[in-house]
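Below: one structure, written as structure tokens.
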Amino acid sequence: MLNDAGILADSVRFYHEPDPFTAENLFHTPHVGVYHCNTQYHFERTKETCLNICQALLVDQGILTVQYRGQELQAYAGMLVLLDCREPHCYFAVSSEVRFRWFHIVGAKSKEYVNHIILQHGFVLHTAQNTDIESSCTQIVSDARQDASVHLVSLHVHQLLTQLASLAIETVKDELELAIEDSIRYIETHYADKNVKIPFLASRAALSTCYYLRKFKEYQSITPHQYLQSVRLRAAKEQLTTTSCSIEEIAETCGFCNTSHFVMSFRKNTGLTPLQFRMMWK
């Protein structure tokens with residue numbers, strides 16, 4: 001492989017054969033490489049040469065063009081390419097000098113995890129601003145160089161996949177979504193006010209009550225009333241465990257219409273009365 005066109009002499013590659021336990025239960029990296037290439041470098045995997053693995057590739061210098069799933073994208077320094085190698089793909093050097101680190105990922109539902117990330121973020125990920133991702137890639141290559149414990153390797157691969165899955169998705173929010181977010185902030189800071197009711201919240205958002213209810217649930221997966229109730233109950237739980245306030249005082253300061261309503265709502269949420277909850281946490 002290191003004799004392929006475009007791979008320069010200072011490139012390295014490491015091979016690790018997993019033991020049966022690792023192969024069945026852990027993330028592992030059977031092949032890891034650090035490549036330095038010129039414009040002659042061109043790698044392609046066809047239907048006939050596909051492998052039952054996934055691959056991550058972090059560009060450190062230069063530009064790679066990647067063709068995958070009907071798209072052609074360029075990966076610049078600081079970008080990470082994620083591929084399911086069960087599908088045809090191709091990548092090649094565009095700039096005169098390209099350096100990248102790569103490793104295959106196998107095991108522990110890696111196929112499902114990688115494809116989840118690709119569906120969420122695409123196969124070329126902008127990771128330059130995330131130092132944790134770069135550190136994880138560095139650690140995985142270091143593991144290969146030092147023949148590290150298979151359990152540490154699995155941990156570091158899992159950390160990387162978690163970091164990739166948790167990348168923030170940058171979206172432009174429309175006025176309606178911003179109005180719902182403003183409504184949520186209002187609920188969080190005014191839950192103690194018994195006058196915070198759905199028609200009032202809809203009016204603040206400049207929406208009809210029916211439309212407000214529908215859009216709030218669409219964005220938050222629960223109704224505004226359920227959200228308000230959850231905020232009030234959260235505040236009540238905090239007071240029950242951190243203060244000596246009476247049940248009546250907590251009901252009042254958390255916005256419940258009366259003590260009976262508070263006790264009924266609390267029992268429905270936790271299966272306990274407020275007093276039982278307080279005693280349990282003492």
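The values are calculated or read from the model by the stated rules, or taken from the named source; none is laboratory data. Just so you know, these numbers come straight off a predicted model, no measurement behind them. When we count neighbours, we look across all protein chains shown, and the Cβ atoms used for this are built from the backbone with ideal geometry, even at glycine. Just the protein is used for accessible areas: all its heavy atoms, side chains included, with ligands, DNA and RNA removed. Shrake-Rupley method; radii C 1.70, N 1.55, O 1.52, S 1.80 Å.
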remark   = Put Asp10, Asp182 in order of accessible area, largest first, probe 1.4 Å, and you get Asp10, Asp182
query = Taking Cα atoms, how many degrees apart are the long axis of helix 259-270 and the longest axis of the chain, rounded to 10 and kept between 0 and 90?
reply = 30
key: Carbon + sulfur, % of accessible area of segment 54-123 - ligands and nucleic acids excluded, 1.4 Å   = 52
query = Does segment 134-282 come out rounded, prolate or oblate, given a ≥ b ≥ c as the square roots of the eigenvalues of its C-alpha gyration tensor, rounded meaning a/c under 1.5 and, failing that, prolate meaning a/b above b/c?
reply = oblate
request  = With a ≥ b ≥ c taken as the square roots of the eigenvalues of the C-alpha gyration tensor of segment 1-126, please select rounded if a/c is under 1.5 and otherwise prolate if a/b is larger than b/c or oblate if it is not?
outcome  = oblate
request  = For the chain, build the charge dipole from Cβ charges (+1 Lys, Arg; -1 Asp, Glu) around the Cα centre, then report which of Thr242, Val106, Phe123 sits farthest towards its positive end.
outcome  = Thr242
note = Magnitude of the Cβ-charge dipole (Lys and Arg +1, Asp and Glu -1) of the chain about the Cα centre, nearest 20 debye, reported as 1260
request  = Over the chain, give the accessible area per residue in Å² for a 1.4 Å probe, as an integer.
outcome  = 54
query = Once both axes come from the Cα atoms, what is the angle between helix 150-165 and the longest principal axis of the chain, in degrees from 0 to 90, rounded to 10?
reply = 60
request  = Calculate how steeply helix 110-121 sits against the longest principal axis of the alpha-carbon atoms of the chain, using the helix alpha-carbon long axis, and give the answer as 0 to 90 degrees to the nearest 10.
outcome  = 70
key: Tensor-based shape of segment 195-238 (alpha-carbon gyration tensor, a/c under 1.5 rounded, otherwise prolate or oblate)   = oblate
Relative contact order for segment 238-282, counting Cα pairs under 8 Å that sit 6 or more residues apart, in percent = 35
